[in-house]
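The values are calculated or read from the model by the stated rules, or taken from the named source; none is laboratory data. None of the values given here were measured: they were computed from a predicted structure. Reconstructed Cβ throughout: ideal geometry from the backbone, glycine too, with neighbour counts over all protein chains shown.
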Amino acid sequence: MNTAPGRLIVFEAPEGAGKTTQLRRLVAWLTERSVPHTAVREPGGTPLGDEIRGILLEPGRDLAPRTEALLFMASRAELVDRVIRPALERGEFVLADRFFLSTYAYQVHGRGLPFNEVRTANALATGGLVPDLTILLTLRASERQKRAAARGAADRMEGAGDDFHDRVDAAFARFASADWQASHPECGPIADVSGAGTEEQVFERVLAALSARWPFPFSEPAAR
């Protein structure tokens, strides 16, 4: 767990499950209640990270799997040192749109990189930072594919092919199991939240998962 006074909350999911939408709703919810928070996304969130994001997501760019993984790690290291840790030290909630659980899904299971080497590299990138809670949104593949298609043109990762995304989907399904979580303490606690239904229904489940861990502020009504 973090020793800093703030809390790191990560949103994870396969493509199209609604994690970015739910993170934005949580940002609005915290803002309405004047709760200090910082929202970040991976890759990106710093000047260097945004440059790396452009490289990683540019359609048609050819990157070797190890190059891809190390670019994600470089962006993460910069984000942790420049943004996440300072915000935690200020006592803020940090809301992250993806973190290293995505690296396990996309680069280990999707690209076939060796898990132990990736885990070691990630420990260096994060300086041992462990999320206080990961909200893992789960949704049937058919529904996710409809949502993803409605977003328009695919970026490089989204357009990686069906076989790749099938492996990624299977990985996220494994991450939701208690046995997997028990053997991967570096990931911190993971709350499996159904992404089915309306945005409002899903957000109610997100708030329930958060309030179960932190009754304050996630059970608080809006400020008047």
*Within region 125-138, how many residues turn out to be surrounded by fewer than 20 Cβ atoms within 10 Å (Cβ to Cβ) and of a type in the set (Ser, Thr, Tyr)?*
1
*Kindly provide the set of residues from region 1-29 that are surrounded by fewer than 19 Cβ atoms within 10 Å (Cβ to Cβ), assigned to a helix (DSSP H, G or I) and not charged (D, E, K, R), ordered by number.*
Thr20, Thr21, Val27, Ala28
*Check Val80 against each of (1) within 30 Å of Ala196 (Cβ to Cβ); (2) within 15 Å of the chain's Cα centre (by Cα) and name the one condition it does not meet.*
(1)
*Take Gly110 and decide whether it is crowded, with 20+ Cβ neighbours inside 10 Å and in contact with a His (Cβ under 8 Å, 6 or more places away or on another chain).*
yes
*Within region 183-190, is even one residue at pLDDT below 95, under 16 Å from the mean Cα position of the chain (by Cα) and of a type in the set (Val, Ile, Thr)?*
no
*In the set Val94, Val40, Val10, Val83, which member is among the hydrophobic types (A, V, I, L, M, F, W, C), under 21 Å from Val130 (Cα atoms) and out of contact with any helix residue (DSSP H, G or I) (no Cβ under 8 Å at 6 or more places or on another chain)?*
Val83
*Kindly indicate whether any position in region 139-160 is crowded, with 19+ Cβ neighbours inside 10 Å, closer than 26 Å to Gln22 by Cα, touching a helix residue (DSSP H, G or I) at 6+ places or on another chain (Cβ under 6 Å) and not hydrophobic (A, V, I, L, M, F, W, C).*
no
_Search result, residues across region 185-195 that are surrounded by fewer than 16 Cβ atoms within 10 Å (Cβ to Cβ) and over 19 Å from Gly16 (Cβ atoms)_ = Pro185, Glu186, Pro189
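Residue by residue, here is whether (1) modelled with pLDDT of 95 or more; (2) touching a Leu at 6+ places or on another chain (Cβ under 6 Å); (3) among the β-branched types (Val, Ile, Thr) holds:
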position: Gly6; (1), (2), (3): yes, yes, no
position: Ala28; (1), (2), (3): yes, no, no
position: Pro43; (1), (2), (3): yes, yes, no
position: Ala74; (1), (2), (3): yes, no, no
position: Ile84; (1), (2), (3): yes, no, yes
position: Ala96; (1), (2), (3): yes, no, no
position: Tyr104; (1), (2), (3): yes, no, no
*asked:* Going residue by residue through region 15-32, is there one that turns out to be closer than 19 Å to Gly188 by Cα and not aliphatic (A, V, I, L, M)?
replied: yes
*asked:* Being surrounded by 13 or more Cβ atoms within 10 Å (Cβ to Cβ) and either outside any helix (DSSP H, G or I) or over 19 Å from the mean Cα position of the chain (by Cα) (or both) narrows it down to one residue among Pro221, Pro217; which is it?
replied: Pro217
